[in-house]
Amino acid sequence: MDFSRQAAVLAALSLAILCGPGLWAEVRADARADVQEEEEQAVRARLAERLPGMPVSEVRPSPLPGLYTVEMGDGSVLYADAEVSHVIAGDMYALTEAGPVNLAEVRRQERRRELLAAVDPSDLIVFAPQETKAVVNVFTDVDCGYCRKLHQERDELADYGIEVRYLAYPRAGPDSQTYENMVSAWCAGDRQRAITRLKQGESVPAKTCENPVAEQYQLGALVGVSGTPTLVTPTGELIPGYMPAADLAKRLGVL
């Protein structure tokens, strides 16, 4: 802590002593927060020094004293000691009376919820039932066989009250025909019809516009998509691969 901050803390402590226990508690909490922030920044700096190029997005204390949770830009989680002399790659479990809890996955689910909550609903292609009982986000590729199979069950999903929210994830990347086709679907006047035609193996008129396809492709990597379809539930649970409509309805609690 530098001299100016020390002086500020001492001044605040003096004021807190004069003003009573309530303010004293606030000052102590602020001081602890300052120390914690400095420690986290120190860990981040040591990581940058010892593992240059590592895409660290956040450093925070882990539930285990002496270790810090290090969140990476790709959504993965590491653990490091304060000196960054050791780094652990793997999940941490809390052994509770109710059973083991994967703390890394809990944070990954939180992060997925945060990322998906930031998506503009108008950037999605949505198939909504008359009465929505549950929603599922689906990273999809129009040329993927199991993506097409899931799309064929959209009426059954609607019968269960499941709203399907499509995000673009052209597996072949931005320089592929699939990518161009998905841009055309997102730029179409009737996006539902366009994506349905593409998933049936038909063509659609080529179109370009300001679209979210590249952004959603990058988002998929952050969420943890490694193939399509990838489903993400409202709780942030990631379901890789196709799941039959009835099984998905059970997973979402509507059956």
Item to check | Leading residue by the ranking (most open to solvent (accessible area, probe 1.4 Å)) among those in the stretch 216-245 that are farther than 17 Å from residue 77 by Cα and part of a strand (DSSP E or B) | outcome: 240
Checklist entry - Does the stretch 172-180 include one or more residues that are over 27 Å from residue 130 (Cα atoms), of a type in the set (Asp, Glu) and free of Cβ contacts under 8 Å to residues at least 12 places away in the same chain? => result yes
Checklist entry - Within the stretch 91-110, can you find the residues that are of a type outside the set (A, V, I, L, M), in contact with a helix residue (DSSP H, G or I) (Cβ under 8 Å, 6 or more places away or on another chain) and open to solvent by less than 90 Å² (accessible area, probe 1.4 Å)? => result 91
Checklist entry - If residue 119 passes every condition in (1) surrounded by 17 or more Cβ atoms within 10 Å (Cβ to Cβ); (2) among the aliphatic types (A, V, I, L, M); (3) modelled with pLDDT of 95 or more but one, which one does it miss? => result (1)
Checklist entry - Tally time: how many residues in the stretch 53-85 are in contact (Cβ under 8 Å) with a residue 60 or more places away in the chain and either out of contact with any Pro (no Cβ under 8 Å at 6 or more places or on another chain) or open to solvent by less than 70 Å² (accessible area, probe 1.4 Å) (or both)? => result 2
Next on the checklist: If the requirement is being more than 24 Å from residue 251 (Cβ to Cβ), open to solvent by 90 Å² or more (accessible area, probe 1.4 Å) and charged (D, E, K, R), which of these qualifies: 50, 113?
Outcome noted: 50
Checklist entry - Looking at this structure, is residue 150 closer than 18 Å to residue 117 by Cα and buried (at least 17 other Cβ atoms within 10 Å of the Cβ)? => result no
Next on the checklist: Residues that are assigned to a loop (DSSP other than H, G, I, E, B), over 24 Å from residue 220 (Cβ atoms) and under 20 Å from the mean Cα position of the chain (by Cα): does the stretch 86-99 have at least one?
Outcome noted: yes
Next on the checklist: Yes or no: the stretch 190-203 includes at least one residue that is farther than 17 Å from residue 127 by Cα and touching a strand residue (DSSP E or B) at 6+ places or on another chain (Cβ under 8 Å).
Outcome noted: no
Checklist outcome for this item: Residue hits (the stretch 86-105; out of contact with any Ser or Thr (no Cβ under 9 Å at 6 or more places or on another chain), farther than 22 Å from residue 46 by Cα and in contact (Cβ under 8 Å) with a residue 24 or more places away in the chain) are 94
Checklist entry - Somewhere in the stretch 187-206, is a residue without any contact (Cβ under 8 Å) to a residue 24 or more places away in the chain, open to solvent by 80 Å² or more (accessible area, probe 1.4 Å) and within 19 Å of residue 239 (Cα to Cα)? => result no
Checklist entry - Do we find a residue being touching a Cys at 6+ places or on another chain (Cβ under 8 Å), closer than 30 Å to residue 91 by Cβ and either among the aliphatic types (A, V, I, L, M) or open to solvent by less than 80 Å² (accessible area, probe 1.4 Å) (or both) anywhere in the stretch 159-178? => result no
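The values are calculated or read from the model by the stated rules, or taken from the named source; none is laboratory data. The structure displayed is predicted, hence computed values, not measured ones. Virtual Cβ from ideal backbone geometry, glycine too; neighbours counted across all protein chains shown. To get the accessible areas, we keep the full protein, side chains included, count just its heavy atoms, and leave off ligands, DNA and RNA. Shrake-Rupley method; radii C 1.70, N 1.55, O 1.52, S 1.80 Å.
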